[in-house]
Amino acid sequence: MTMEERIRAMYAAFNARAADAALAGMTADVDWPNGWEGGRVAGHEAVRDYWLRQWQEIDAHVEPVEITRGEDDRWTVLVHQVVRSADGALLADEHVRHVYAFRGELVERMDIEVLRAGVPRAGSPPRRGR
């Protein structure tokens with residue numbers, strides 16, 4: 001399986017709400033952005049817990065549009081994100097970049113790059129408790 005296929009498989013698993021399948025492509029100590037509540041989480045259990053909380057509150061569908069490998073060996077994925085509230089209201093419909101650092105064939109870190117300044121990231125309705 002190519003790296004692009006691995007990345008696409010992780011998005012397909014996320015969209016199918018198959019947390020364990022998505023986490024299988026990540027290091028045990030993965031460093032992951034909490035784009036919904038803010039901050040970062042580390043490790044499989046923390047990422048799984050974050051996703052489970054998120055999936056109870058919002059419905060995010062994230063589709064890769066373009067995947068490129070950078071000169072620094074990081075992979076950038078331009079994604080189209082559509083995020084809806086639990087009652088189906090549209091919260092976000094936009095493109096963002098996800099940037100991945102790998103250790104071997106596993107994701108070690110992911111970062112989110114917002115494409116337009118001043119526009120909230122998909123999956124970040126008003127922050128809870130902040």
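The values are calculated or read from the model by the stated rules, or taken from the named source; none is laboratory data. Computed from a predicted model, the values in this text were never measured in an experiment. Every residue, glycine among them, receives a Cβ derived from its backbone with ideal geometry; neighbour counts consider all protein chains shown.
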Set Leu115, Leu106: member being modelled with pLDDT of 65 or more and either within 12 Å of the chain's Cα centre (by Cα) or more than 18 Å from Ala24 (Cβ to Cβ) (or both): Leu115
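Here are some residues: Trp51, Trp55. Which one is surrounded by 16 or more Cβ atoms within 10 Å (Cβ to Cβ), at pLDDT 95 or above and either farther than 20 Å from Val114 by Cβ or touching a helix residue (DSSP H, G or I) at 6+ places or on another chain (Cβ under 8 Å) (or both)?
Trp51
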Residue list for segment 54-77, restricted to those being without any contact (Cβ under 8 Å) to a residue 40 or more places away in the chain and touching a His at 6+ places or on another chain (Cβ under 6 Å): Val65
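Out of the residues in segment 58-86 that are of a type in the set (Asp, Glu) and at pLDDT below 95, which is farthest from Trp32 (Cα to Cα)?
So the residue we want is Glu71.
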Selection from segment 60-75 of residues that are assigned to a strand (DSSP E or B) and surrounded by fewer than 16 Cβ atoms within 10 Å (Cβ to Cβ): His61, Glu63, Val65, Glu66, Thr68, Arg69
Members of segment 18-59 found to be within 12 Å of the chain's Cα centre (by Cα) and in a loop (DSSP other than H, G, I, E, B), listed by number: Asn34, Gly35, Trp36
Selection within segment 28-47 - closer than 21 Å to Arg97 by Cα and either surrounded by fewer than 14 Cβ atoms within 10 Å (Cβ to Cβ) or not acidic (Asp, Glu) (or both): Val30, Trp32, Pro33, Asn34, Gly35, Trp36, Gly38, Gly39, Arg40, Val41, Ala42, Val47
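How many residues are out of contact with any helix residue (DSSP H, G or I) (no Cβ under 7 Å at 6 or more places or on another chain) and surrounded by 12 or more Cβ atoms within 10 Å (Cβ to Cβ) when one looks only at segment 1-19? So that I can check it myself, show each step before the final result.
Quick first cut of segment 1-19, residues out of contact with any helix residue (DSSP H, G or I) (no Cβ under 7 Å at 6 or more places or on another chain) only: 1-9, 11-12, 15-16, 18.
Within this subset, residues satisfying the condition of being surrounded by 12 or more Cβ atoms within 10 Å (Cβ to Cβ) are 3-4, 6-9, 11-12, 15, 18.
Result for segment 1-19: 10.
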